[in-house]
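The values are calculated or read from the model by the stated rules, or taken from the named source; none is laboratory data. Being a predicted model, the structure only gives us computed values, none of them experimental. Neighbour counts run over all protein chains shown; Cβ positions are idealised from the backbone, glycine included. Ligands, DNA and RNA are excluded from the accessible area calculation, which covers all protein heavy atoms including side chains. Shrake-Rupley method; radii C 1.70, N 1.55, O 1.52, S 1.80 Å.
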Amino acid sequence: MGLRNQHITKETQYQYVNWPVVYFVAFLHSVAVIGIFQMFQCNWKTLLFNLIFLEYVQLGTMAGVHRLWSHRSYKASMPLQIFLAVAQTAARQNPIYTWVRDHRVHHKYVDTDADPHDARRGFFFTHLGWAFMPRLPQVIEKGEKIDLSDMRSNPVVMFQKRYYRWTTLVMCYVIPISICCWSWNESIIYAYFVTSLRYVISLNVTFLVNSAAHLWGNKPYDVNINPAQNLGVTLLTMGEGFHNYHHVFPHDYRTSEFGIRFNLTTAFIDLMSLLGLASNLKKVSKETVLARRSRTGDLMSAASG
Ligand code: ZN
Ligand code: ZN
């Protein structure tokens, strides 16, 4: 183990760029740009549907694969897990299993050579560039050592992993496009381009947590780490931009000390708890937060996202 990619270093990594992936991502973004123009011509129902679907997909990422599966910050009943797993499949950002492994490595080895998207290497690498290159041996080695036994024993996660290849295409493209075409006779061209735009937006919004929220913002909880409180990212991601707080207290289901403020994901989890679908919501006490702030935080900076 750990022998794979031994010849790759930070310096040589750029010689092994996976060009087909680069071309594909460039194609995807070009289609999305055309989608921006088509937004003004398509049926308003197509727009509204994609906006609602975007929020659903985001819940799969933020409330699902991030706060539930990666951090186990609350427990979800089977119906809620299925609801979130379907949304995460539509997000098309790797299966839950892989996403969780990468995210746990990211937290454990944040901004080191073993972090898949090491923010010390600048905005482009951490936003998207890391996906264009083979991984450093350190990332692979540490990733293989991450405990994923909870994922392996989760039937929803393993089912999704097994059928991900086709189900993600069906959930991300086929079903949304079919709904637009069959329900209000949208042209397949408009439906395709606006759907692609929705996908590209959701991808970039998630990537901003790795890039912008690791580069710009306040550090009220720990000045010694890169993750920061970034209001722009907070607004775009329904609450994931309180990143200095999140890296200091990763098991807090709210990802901030401010409850539902700018944090629709927390509001969603609270609602699920009220309905009896979520339980064991983990929180860090106010005293612990204040103690940590005065010990390692930048006391001059505002704590909000
Ligand atoms: Zn992070
Ligand atoms: Zn996290």
Task: Inter-label distance, nm, simple model (7 Å from Cα along the C-beta direction), D147/L290 - done: 3.3 nm
Open item on the list: Give me the one-decimal nm value for the distance between modelled label points at K75 and S279, 7 Å along each residue's Cα-to-Cβ direction.
Closed with: 0.5 nm
Open item on the list: Using Cα springs under 10 Å in a Gaussian network model of the chain, which residue among P79, P250, P227 shows the largest mean-square fluctuation?
Closed with: P79
Open item on the list: Given R₀ = 30 Å, what would the calculated FRET efficiency be for D113 paired with L48, taking r from the Cβ atoms and rounding to 0.05?
Closed with: 0.10
TODO: Using only protein heavy atoms and a 1.4 Å probe, report how much of K282 is accessible, in Å² to the nearest 10.
DONE: 90 Å²
Task: Candidates L47, L208, L290: whichever shows maximal mean-square fluctuation once the chain is modelled as a Gaussian network with Cα springs under 10 Å - done: L290
Task: Size descriptor, Kirkwood hydrodynamic radius, that averages inverse alpha-carbon separations across region 217-305, Å - done: 13.1 Å
Open item on the list: Give me the 1.4 Å probe accessible area per residue for the chain, excluding ligands and nucleic acids, in Å².
Closed with: 48 Å²
- [ ] Could you please state how large a percent of the accessible area of region 1-210 is carbon and sulfur, counting protein chains only and using a 1.4 Å probe?
- [x] 67 percent
Task: Theoretical ellipticity at 222 nm over the chain - DSSP helices of four or more residues, -39500 (n - 2.57) apiece, nearest 500 - done: -16500 deg cm²/dmol
Task: Too-long pairs where the Cα-Cα distance tops 20 Å, listed order kept, from K10/K142; K142/K219; K161/K283; K75/K145; K75/K219 - done: K142/K219; K161/K283; K75/K145; K75/K219
Task: Percent RCO, i.e. relative contact order, over the chain, from Cα pairs under 8 Å lying at least 6 residues apart - done: 23 percent
Task: Solvent exposure, largest accessible area first (probe 1.4 Å, DNA, RNA and ligands not counted), of Y163, Y190 - done: Y163, Y190
TODO: For the chain, just the Cα atoms, rotate onto the principal axes and tell me the three extents in Å, largest first.
DONE: 60, 52, 40
Open item on the list: Please report, ordered by residue number, every helix of the chain (full DSSP H runs) that is 30 Å or longer along its axis going by C-alpha atoms and whose mean Kyte-Doolittle hydropathy reaches 0.0.
Closed with: 188-210
- [ ] Please identify, among T112, T12, T234, the residue showing maximal mean-square fluctuation in a Gaussian network model of the chain using a 10 angstrom Cα cutoff.
- [x] T12
Task: Fraction of accessible area attributable to carbon and sulfur, region 217-305 (%, probe 1.4 Å) - done: 60 percent
